[in-house]
1. Just to be sure I understand: with springs between alpha-carbon atoms less than 10 Å apart, which residue in Glu24, Glu66, Glu117 has the highest mean-square fluctuation in the Gaussian network model of the chain?
2. Just to be sure I understand the model, the point goes 7 Å from the Cα along the line to the Cβ. What's the resulting Val346 to Ile298 distance in nm?
3. Between 0 and 90 degrees, rounded to the nearest ten: what's the tilt of helix 117-139 against the longest Cα principal axis of the chain?
4. Going 7 Å from the Cα of Met244 along its beta-carbon direction, which residues of region 191-209 have the amide nitrogen within less than 19 Å of the resulting point?
5. Rounded to whole Hz and in sequence order, give me ³J(HN,Hα) for region 177-194 from the Karplus expression 6.51 cos²θ - 1.76 cosθ + 1.60, θ = phi - 60°, writing x for Gly and Pro.
6. Checking the a/c ratio against 1.5 first, then a/b against b/c, what shape does the Cα gyration tensor give for the chain?
7. Not counting ligands, DNA or RNA, and with a 1.4 Å probe, what is Leu306's accessible surface area in Å² rounded to the nearest 10?
8. Using the heavy atoms of the protein chains and a 1.4 angstrom probe, tell me the accessible area per residue for the chain in square angstrom.
Amino acid sequence: MIEQLYAWLDQRIDLSGLQHFIAEKTVPVHRYKVWYYMGGITLFLVGVQVFTGILLLLYYRPSSEEAYESVKFIVSQVPFGWLIRNIHSWSANLLIFMAFVHLFSTLFLRSYRKPRELTWVSGVLLLFVMMAFGFSGYLLPWNELSFFATKVGTGIAGAVPGVGHFMLRFLRGGDDVTGATLTRFYGLHVAILPAITTLILSFHLLLIQRQGMSVPPSVERREKAGEKTPQMPFFPHYVLHDLMWWYVALAVLAALALVLPWELGKKADAFAPVPAGIRPEWYFLAMFQVLKLLPAHILGLEGEMLGVLGFGLAATLLLLLPFLDRHAADGRSSRLVTVAGAAALVYMVVFTIYGYLAA
Ligand code: HEM
């Protein structure tokens, strides 16, 4: 019966071609191979978000009157609702953390070089989309902290020269953060961003399957000198390794969700005084802290506007990195990329900690 079904499908969708591809696919084995698993862990966490997000969707109500109450209901009345919400919140943070680990590892190992330029570009876009998921999801419980942080965050979008005011109104659905903003963020979070993610992620994964794994420049040099890099079969060896890492990620997630419940806080009140310690999620803190430190005016221009322009420029450089690396063609390790990558990493760690302590 199974053989007949296989033959039936094979005649229609070339299953044996796929089977050959998987059977022949191998992954290089060298001292940096642990970094190959970081993308896989990120992918696993995307799956966790989809699964827990759909469950939350069954009870969540996207209006300023009911959002907070519905989340309260989920964590106090719905069986295991607290667990699902905790996992969704923790996994979101872990996902962005792992996406950064994956980004820096592919940067330092030069995986973005030919022919993987588009894999890098699609990866950077995925990171931005993940951050937009975080930003929009933060408002959904409609609590005090998220309400005021969204006010500040969307206010920063207003500082973009030329289109700032349009962007601010577009994001807020008006001049202020209201129920209209919540409806917008909800639509973004559960429909628009998932659709964009599906498209870009499919492209990212398709490219990886077609190109196979890259090897870092040091291993490539040895290969050019005639040394053979050992390989491991993709199936089942690499897949089993991947699964082991997913299991580790799940254990970390479960421990965090059980030991450190995600706070719900007080319901948002637009007329309440701004509470102390308003700050964005940790992955925006490094940027937020710089904007806070900038003087109101620099050389006659608005400080915040210059800061926002600076981050826009940094994001563009990151996106175009494969085309800016001058040693991409000759295979040498570019020192400038290593220094810029290390400086970005140090800046992010130092300013995120600083942002926490200063809030
Ligand atoms: C939702 C976010 C992302 C997911 C789910 C994801 C998933 C994956 C997976 C499963 C792999 C294959 C295993 C590996 O090499 O780690 C991979 C490879 C790759 N990813 Fe991502 N990725 C994401 C974000 C990013 C980001 C932010 C970047 C960098 C800007 C990036 C750049 C790359 C590159 C260059 C490769 C090829 C690595 C190689 O061939 O050695 N990805 N990604």
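The values are calculated or read from the model by the stated rules, or taken from the named source; none is laboratory data. Since this is a predicted model, take the numbers as computed values, not measurements. Here Cβ is always computed from backbone atoms with ideal geometry, including for glycine, and neighbour counts include all displayed protein chains. The protein model used for the area step is the full one, side chains on, heavy atoms only, and it has no ligands, DNA or RNA in it. Shrake-Rupley method; radii C 1.70, N 1.55, O 1.52, S 1.80 Å.
1. Glu24
2. Taking the simple label geometry, Val346 and Ile298 are separated by 1.9 nm.
3. 30 degrees
4. none
5. 7, 9, x, 5, 5, 4, 4, 4, 5, 5, x, 4, 5, 9, 10, 5, 5, x
6. On the way: a/c = 2.11, a/b = 1.33, b/c = 1.59.
Judged from the Cα gyration tensor, the chain comes out oblate (a/c at least 1.5, b/c at or above a/b).
7. Result for Leu306: roughly 60 Å² accessible.
8. Solvent-accessible surface per residue comes out at 57 Å².
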